[in-house]
Amino acid sequence: MLDLQGGGLSGDEPRQRTSLDPDDWQALRRQGHRMLDDMLDHLETLHEKPVWQPAPSSVRALFDAPLPIEPTELTDVHATFCDNVLPYGSGNIHSGFMGWVQGGGTVAGMLAEMLAGGLNANLGGRDHMPIEVERQIIRWTQQIFSFPDTAGGVFLTGASQANFVALLLAKTRKLGAGIRATGLPGEPRLTAYASSEVHGCVPRAVEMSGIGSDHLRRIPVNAAGQIDVEILERTILRDKREGHAPFLLVGTAGTVNTGAVDDLIALRRIADAHDLHFHVDGALGALGILCDDLAHLFTGIESCDSLAFDFHKWGQVPYDAGFLLVRDSAWQRQTFASEAAYLSRAASGLAGGDWWPCDYGPDLSRGFRALKTWFTLKTYGIKALADSMAANCDLARALAHSVEQEPALRLLAPVALNIVCFAYVGPTGDAPAEINARIIEHLHAEGRVAPSLTHINGQPAIRAAIVNHRTRQTDIDALIQGVMTLGSRQDLPPC
């Protein structure tokens, strides 16, 4: 047992005040302003800092400390953060970060997060304005993706959770609401379909649902990285002949490896022909529909039954802000709504309100993710966000062009959106493939740019995912120069 008394209070002594508010609000105000200024200074001078640097062992040791029993001054806690956390982040806010699909965030989003923290609203339900802000975002997403008035939506941690929730909706649509009580039947076995390039969260969702990943058919892709629709149809027909119950087709609007967008019109046709729930994982690219130069790539997305995407990627909202849009909100209620005495509704008062998010998704305790999203969309406007996406894709094409012009580099996949996969092969094309992993490690250690490693057709690839609104041509040039310089070193050791 923890000794929280420390020999202090006896049963007869009055207990000290229990409010955690400060005694000196003015001192707190000054400290709060210092904390805000420090973050603004950090963002303003990002270009002077490394994308990433390893934390020394002495810094890591600070976070292997005993549980704090007594208080520490806020100024001291803040100083520890500034010295030992802030310099050692993951780097996704930096213009040179291009290894993974992560948005850069914005100042407006950061400030909105502070407001949401102060309000500390729980968006599980009840009648209060934060609920209306989330409903506003739902209506805006209906407009963005041309969904009908019956559509619903809900904020979640990210597209991984949104894809899982969509699978649960599809399962309930196929088997009926009674499945919530009876569980999965032994026969017929449900089967789902997605491309071999689908994000890893989809097979994990099939596992978590109890269906089992053996019943997810991973369909090969064509040369453009899209799901092969002919193989897909043959696979569905085979499963039907063998007594399986196809129920879900997952299309991808921006594969995680290369950014390919499936033929969504063809997938809708197949879903209709075989009575499948048609879900689109648009985590990476779906918001690209806002950009005139990219919208044509997403033709057909308006026809899907559900769509998962992330405002915290191309929407530049601070983490986390995942979203699921559903063609008919009744499917959400069928899957999640339930009665509980402690959640009794009323015609008026705080327990009123005709839309409780806990009826439309798995969470009762929910943060105010909608506020930073609302601030971002209102402050910058759709056009500025679309221009940022177009700029990312322009930089990706410029990078691909530079790769194709350099004999020592080889482009390994078509560039559909904002992801470029290439390899250093050397001036004569015979550099060992494993050198690419070493190049990436050294680039990370140098701190100027940070691509990631992937594999294309079994070959190691340098992957540049250009998602940050801060990334410029100078960052692309630094990547090319860094790869060429490191690749030319015959003795390049592992880091």
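The values are calculated or read from the model by the stated rules, or taken from the named source; none is laboratory data. Being a predicted model, the structure only gives us computed values, none of them experimental. As a convention, Cβ positions derive from the backbone with ideal geometry for all residues, glycine included, and neighbour counts pool all protein chains shown. Ligands, DNA and RNA are excluded from the accessible area calculation, which covers all protein heavy atoms including side chains. Shrake-Rupley method; radii C 1.70, N 1.55, O 1.52, S 1.80 Å.
Just one residue in the set Ser348, Ser388, Ser344, Ser365 is more than 24 Å from Ala166 (Cβ to Cβ), out of contact with any Pro (no Cβ under 6 Å at 6 or more places or on another chain), among the hydroxyl-bearing types (Ser, Thr, Tyr) and modelled with pLDDT of 95 or more; that residue is Ser388.
For the subset of region 244-266 comprising residues that are at pLDDT 95 or above and out of contact with any strand residue (DSSP E or B) (no Cβ under 8 Å at 6 or more places or on another chain), which member is surrounded by the most Cβ atoms within 10 Å (Cβ to Cβ)? Among them, the one singled out is Ala266.
Close contacts from region 433-459, counting a first residue that is under 17 Å from Ser488 (Cα atoms) and a second that is aliphatic (A, V, I, L, M) and modelled with pLDDT under 95, with Cβ to Cβ under 6 Å and a gap of 6+ residues or different chains, come to Arg438/Leu492. Reported count of residues in region 118-139, each being under 14 Å from Ala351 (Cα atoms), in contact with a Phe, Trp or Tyr (Cβ under 9 Å, 6 or more places away or on another chain) and among the aliphatic types (A, V, I, L, M), is 2. Would you confirm whether any residue within region 350-370 is open to solvent by less than 50 Å² (accessible area, probe 1.4 Å), farther than 22 Å from Trp140 by Cα, of a type in the set (Gly, Ala, Ser) and out of contact with any Gly (no Cβ under 8 Å at 6 or more places or on another chain)? Yes, region 350-370 contains a residue that is open to solvent by less than 50 Å² (accessible area, probe 1.4 Å), farther than 22 Å from Trp140 by Cα, of a type in the set (Gly, Ala, Ser) and out of contact with any Gly (no Cβ under 8 Å at 6 or more places or on another chain). Would it be correct to say that Trp25 is open to solvent by 60 Å² or more (accessible area, probe 1.4 Å) and modelled with pLDDT under 95? When the stated conditions are applied, Trp25 does not pass them. A single entry from Thr141, Thr191 fulfils the requirement of being assigned to a strand (DSSP E or B) and either open to solvent by less than 10 Å² (accessible area, probe 1.4 Å) or among the aliphatic types (A, V, I, L, M) (or both): Thr191. In this structure, Ala398 does not qualify as free of Cβ contacts under 8 Å to residues at least 24 places away in the same chain, part of a helix (DSSP H, G or I) and open to solvent by less than 40 Å² (accessible area, probe 1.4 Å).
Pairs meeting the criteria (first residue in region 66-82 and under 18 Å from Leu20 (Cα atoms), second residue open to solvent by 70 Å² or more (accessible area, probe 1.4 Å), beta carbons under 7 Å, at least 6 apart or on different chains) are Ile69/Leu4. With respect to being aliphatic (A, V, I, L, M), modelled with pLDDT of 95 or more and open to solvent by less than 80 Å² (accessible area, probe 1.4 Å), Ala433 falls outside the description. Kindly indicate whether any position in region 145-163 is free of Cβ contacts under 8 Å to residues at least 60 places away in the same chain and in a helix (DSSP H, G or I). Scanning region 145-163, I find no residue that is free of Cβ contacts under 8 Å to residues at least 60 places away in the same chain and in a helix (DSSP H, G or I), so the answer is no.
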